[in-house]
Amino acid sequence: MNSELMKLSEVTTKIGSGATPRGGKEAYYSTGISLIRSQNVLDFKFSYDGLAFIDETQAHDLRNVTVEADDVLLNITGDSVARCCMPDKSVIPARVNQHVAIIRTDPDLAHSKFVMYALLNPLAKKSLLSLASHGGTRNALTKAMIENFEISLPQIDIQKKISSILSVLDEKIELNNQMNKVLEQMAQVIFKQWFVDFEFQNENGEPYRSSGGEMEWNEELGKEIPEGWRASNLEDYCEVITDGAHYSPKEVDDGFPIATVKNMSEYGIEINECKRISIEDYNLLVHNGCRPIKGDVLFSKDGTIGRVLNVLRDEEYVLLSSIAILRAKTQYSSIYLGILLKLPSTLKMIKDGFVSGSALPRVVLKDFRRAPILIPQNVILNKFDHIIGDLILKIKQNYDLNQRMSGLRDTLLPKLMSGEIDVSEIDL
């Protein structure tokens, strides 16, 4: 594959970043024109989490950084520097703030999606991170650094073929992510019907509360609950409430994964992103109870509070203390516990009553054990597990498939970019 090393300034029509509207966060709106910030730019994908909105006047002031559909977005400051993606078309028209750069390619010279993949190539990423670390106390990529950054560009038709191959994997990953969101919403709807509205099916297949099911007042919860249910606390529901290691073992190049909150994704632990520790340190932490097992519920308790994962199979990784392990007693449902902890009302209760610290908020486990919980009858929990279990398992299967496809994409990416895999004869 014949390629030419070219500066980004030679193959783009625009490179530039924006600004935060006067007034900062207080100037944002609940709807309006999207303002893309660094938290919205992940590697390979755009995130809607924390997407801000501005009004027409603010957008007019930022009109020189209007985002177009085929732009490449690059984070240029802070810990997320060098993260790169393209915007979702649904946020167009949008603007960027000062932490995100727009890279707009000349379509006759460079295919925009190819440029994104080129910047995500491990060698390019390493170079960008090295550039960003020079100079000030905070990682930053200047406009000049981006303009002078060189990428290897084959002919435009080859660029499009490489982009198409990698995009197939990314599109399948995104499809699975969307399916998981729908499945999780279904699980939450059923949970609310059963355990908030108390409309689970009675022995006649009718909704319990609206068909006259017996209710009784519970003083602890301050509301009526179905007869035979009870209010208690997490310590009563769980046989184990603990957390991971309270020290950081020495990192090694080839070893066993140790996970922190930042390694918790929506549906699993990002094993490939975890630091590695020696087998000796790993075995010690397993002995100390820092390895979750199938059926556990993980809860992020330090810094970022409230990420929740159900552990659906045994895997070889251990945890640091920022993640709590909750192990339900055998007669109770871990799926019920996991969904309960994800409820906004539960998270608010935890943050209001069991969090200490301002610089680094954290949940204190000895207090967390007293968190109130509604315990339904076992027969209801068993029925719920039977219905919801398949949904949760499908979510996990989709997540695992995405992990494999991400691994395949990450393996193919440098080989395609270097020409080790020749796509010239592939008919796409």
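Coordinate-derived values only; no laboratory data. In this text, all values refer to a predicted model and were calculated from it rather than measured experimentally. Glycine also receives a Cβ, built like all others from the backbone with ideal geometry; neighbour counts cover every protein chain displayed.
Just a few scattered comments:
- Between the listed residues ILE323, ILE225, LEU408, the Cα displaced farthest toward the positive end of the dipole of the chain, a dipole computed from Cβ unit charges relative to the Cα centre, is found at ILE323.
- As an equivalent ellipsoid, the stretch 338-428 spans semi-axes of 45, 24, 9 angstrom, where each value is the square root of five times an eigenvalue of the C-alpha gyration tensor, largest first.
- Ordering GLN188, ILE165, GLN201 by the projection of their Cα atoms onto the charge dipole of the stretch 149-227, which places +1 on the Cβ of Lys and Arg and -1 on the Cβ of Asp and Glu, puts ILE165 at the extreme positive end.
- Taking the three principal axes of the alpha carbon atoms in the stretch 3-153, the coordinate ranges are 45, 38, 23 Å, sorted in descending order.
- Pairs of Lys in the stretch 230-375 closer than 18 Å at Cα, counting only those 8 or more apart or on different chains: 11
- Computed FRET value (nearest 0.05) for LEU109 with LEU428, which takes r as the C-beta separation and R₀ as 25 Å: 0.80
- Virtual spin-label span in nm between ILE279 and HIS134, 7 Å along Cα→Cβ: 4.2
- Taking 18 Å as the straight-line reach from the Cα of LYS161, the aspartates and glutamates in range (excluding those fewer than 8 positions away in the same chain) are GLU4, ASP70, ASP106, ASP108, ASP170, GLU171, ASP410, GLU420, ASP422, GLU425, ASP427.
- Residues whose placed amide H lies under 5 Å from that of LEU312, excluding near-sequence neighbours: GLY295
- FRET efficiency estimate (nearest 0.05) - Cβ-Cβ, TRP217 to GLU174, R0 35 angstrom: 0.15
- Dipole magnitude of the stretch 230-375 about its Cα centre (Cβ charges: Lys, Arg +1; Asp, Glu -1), debye to nearest 20: 660
- In sequence order, calculated HN-Hα J values of the stretch 159-171 (Karplus, 6.51, -1.76, 1.60; Hz; x Gly/Pro): 4, 5, 5, 4, 4, 5, 4, 6, 5, 4, 5, 5, 5
- Sequentially through the stretch 193-203, phi angles give Karplus couplings (6.51, -1.76, 1.60; θ = phi - 60°) of 4, 7, 10, 10, 8, 6, 10, 5, 6, 7, 5 Hz, Gly and Pro residues having no value and appearing as x.
- Here is how the number arises for the chain: DSSP H runs of 4 or more residues each give -39500 (n - 2.57), the sum is divided by the residue count, and the result at 222 nm is -11000 deg cm²/dmol.
- Other-chain or far-sequence residues with amide H under 5 Å of THR20's (modelled H): GLN98
- Cα-based Rg / Dmax (Å) for the stretch 230-375: 14.8, 50
- The length gained by stretching the chain between LEU42 and GLN397 to full extension, at 0.36 nm per residue less their Cα-Cα distance, is 125.5 nm.
- Neighbour-count ranking [beta-carbon atoms within 10 angstrom, fewest first] of THR142, THR411, THR346: THR411, THR142, THR346
- For the stretch 96-192, the average shadow cast by the Cα convex hull is 9.6 nm², which is a quarter of the hull's surface.
- Lys, Arg +1 and Asp, Glu -1 on Cβ, resulting dipole of the chain about Cα centre, debye, nearest 20: 840
- A Cα-only calculation for the chain places Rg and Dmax at 24.9, 77 Å.
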